[in-house]
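Trainee: The structure is given below, and queries will be raised subsequently.
The values are calculated or read from the model by the stated rules, or taken from the named source; none is laboratory data. Predicted model, so just to flag it, every value in this text is computed and none were measured. Cβ: placed from backbone, ideal geometry, glycine included. Neighbour counts: every protein chain shown.
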């Protein structure tokens, strides 16, 4: 299903700590907030969600694809899924990276189930695009070969 939705975009600057000055050496990062409102975007219990972020000239900025399996989700429950995409050295371990300096994109989706057990996207979702050039990052860190790598997280406590 293809359904364009308006988004609310915000510029922001990340602070390194309470008493340090903000990092302003690059253009501001972007937060996109898409409000679904009362729209019901029903999904199969298992599948993939694709979210594509376009710029104002209608070219693709980022395409997120999240595989999910909510087949065990009981009726009237909520959960979320978060995908973080890092620009990591090719030789780095497969587990989640320890440093936020490699972070490039984040998407946070909320899911809910109805009384009848149907799964749907819930209320809104958010995306963060950190304005870091891949080439700049590679030159900054010794020219090691790098790749975009995705990590998906769900609640660590009971899934639902």
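Trainee: Out of the residues in segment 36-49 that are outside any loop (DSSP other than H, G, I, E, B) and either modelled with pLDDT under 85 or loosely packed, with under 11 Cβ neighbours inside 10 Å (or both), state the one that is nearest to the chain's Cα centre (by Cα).
Mentor: 48
Trainee: So which residues in segment 109-133 are in a loop (DSSP other than H, G, I, E, B) and either closer than 22 Å to residue 54 by Cβ or in contact with a helix residue (DSSP H, G or I) (Cβ under 7 Å, 6 or more places away or on another chain) (or both)?
Mentor: Matches in segment 109-133: 130, 131, 132, 133.
Trainee: Next question. Hey, any hits in segment 59-70 for a residue that's modelled with pLDDT of 80 or more, farther than 18 Å from residue 121 by Cβ, surrounded by 12 or more Cβ atoms within 10 Å (Cβ to Cβ) and in contact with a helix residue (DSSP H, G or I) (Cβ under 7 Å, 6 or more places away or on another chain)?
Mentor: The answer is no; no qualifying residue exists.
Trainee: Let me ask something additional. Being surrounded by 12 or more Cβ atoms within 10 Å (Cβ to Cβ), under 14 Å from residue 125 (Cα atoms), modelled with pLDDT of 90 or more and touching a strand residue (DSSP E or B) at 6+ places or on another chain (Cβ under 6 Å) is true for just one of 73, 81. Which residue is that?
Mentor: Exactly one residue qualifies, and that residue is 81.
Trainee: Got at least one residue in segment 94-108 being over 18 Å from the mean Cα position of the chain (by Cα), modelled with pLDDT under 85 and farther than 18 Å from residue 51 by Cβ?
Mentor: Looking through segment 94-108, at least one residue is over 18 Å from the mean Cα position of the chain (by Cα), modelled with pLDDT under 85 and farther than 18 Å from residue 51 by Cβ.
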